[in-house]
Amino acid sequence: MQSQHILLTNVLTILAFPMDQLSPEMRAKIDLLSTDLTTSTAILAYIQQVAEITGTTAASSLEDFSDEINIILHKLKFIAPQDRPTVLIYSLADKNTLSAGSFLADSIQIAGGIPVTEDAEKIAKIIFIDPANKAFQLVPELIQDNLFAGSEAVEKNQIYIIQDPEFAQIPGVNYLKELEILAEIIQPKYFIFGHEGQQWLKFELV
């Protein structure tokens, strides 16, 4: 319930609808909506549904949301699949892979990458999510593990740390910022949103 409340607060902010004006009837209807927001399409649909329940005009908000996604897609449309890097995202907090089979998979693809798991034959980029700021203690040992050792990412120094403590915590919350962070890391020649050094950094192997 806490994550659903955070998601709703985020969406109401997007719609410029005050939380204190949300009636019990509105909240009950919103609570019935699916929060399985694994794709940008699902997130847009959720925002639209909340807008309809609250009687809010969502056209401009949805247009802004869609525009940023489309800008990223447009810039990358001529990059062939074989030229897109395979990307593995690993949570240091949960000690598991989040890049495939999760809501991040869709974001990775929009940002110009191919989501893979640790079983992939080729891993071009490894992104560690580090909400507790323990990467510099944990990553040097982790990349010696069979999971990562010998990967293209380690060989070519393509290791990245996302330090934003809210990153990938709740599907749909901070979606555009998360997409921008991934785009900067996955396709740095095409995107600079200003998150490097603040939300993420490149882990330099000695």
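Can you find a residue in region 86-97 that is small (Gly, Ala, Ser) and within 16 Å of Leu179 (Cα to Cα)?
No.
Among what's in region 142-161 and is assigned to a helix (DSSP H, G or I) and under 16 Å from Glu204 (Cβ atoms), pick the residue that is modelled with the lowest pLDDT.
Leu142
Of everything in region 102-130 that's at pLDDT below 90 and within 23 Å of Pro165 (Cβ to Cβ), which residue is surrounded by the fewest Cβ atoms within 10 Å (Cβ to Cβ)?
Going through the qualifying residues, I end up with Ser102.
So which residues in region 30-50 are touching a residue at least 24 places away in the same chain (Cβ under 8 Å) and over 14 Å from Leu7 (Cβ atoms)?
Those that are touching a residue at least 24 places away in the same chain (Cβ under 8 Å) and over 14 Å from Leu7 (Cβ atoms): Thr39, Ser40.
Going by the conditions given, is Glu196 assigned by TED's automatic domain parsing to the domain that holds Asp106, modelled with pLDDT of 95 or more and farther than 20 Å from Arg84 by Cα?
When the stated conditions are applied, Glu196 passes them.
Looking only at region 178-198, count how many residues are within 12 Å of the chain's Cα centre (by Cα) and either loosely packed, with under 15 Cβ neighbours inside 10 Å or closer than 20 Å to Phe136 by Cβ (or both).
The total comes to 2.
Could you list, in sequence order, the residues of region 13-32 that are within 12 Å of Tyr46 (Cβ to Cβ) and part of a helix (DSSP H, G or I)?
Across region 13-32, the qualifying residues are Ile14, Ile30.
Kindly provide the set of residues from region 34-45 that are part of a loop (DSSP other than H, G, I, E, B) and either polar (S, T, N, Q) or modelled with pLDDT of 95 or more (or both), ordered by number.
Ser34, Thr35, Thr38, Thr39
Could you grab me the full set of residues in region 12-67 that are of a type in the set (Ser, Thr, Tyr) and either loosely packed, with under 13 Cβ neighbours inside 10 Å or within 19 Å of the chain's Cα centre (by Cα) (or both)?
Result: Thr13, Ser23, Ser34, Thr35, Thr38, Thr39, Ser40, Thr41, Tyr46, Thr57, Ser60, Ser66.
The values are calculated or read from the model by the stated rules, or taken from the named source; none is laboratory data. Bear in mind the structure is a predicted one, so any value in this text is a computation, not a measurement. For neighbour counting, all protein chains shown are included, and Cβ atoms are generated from backbone atoms with ideal geometry for every residue, glycine included.
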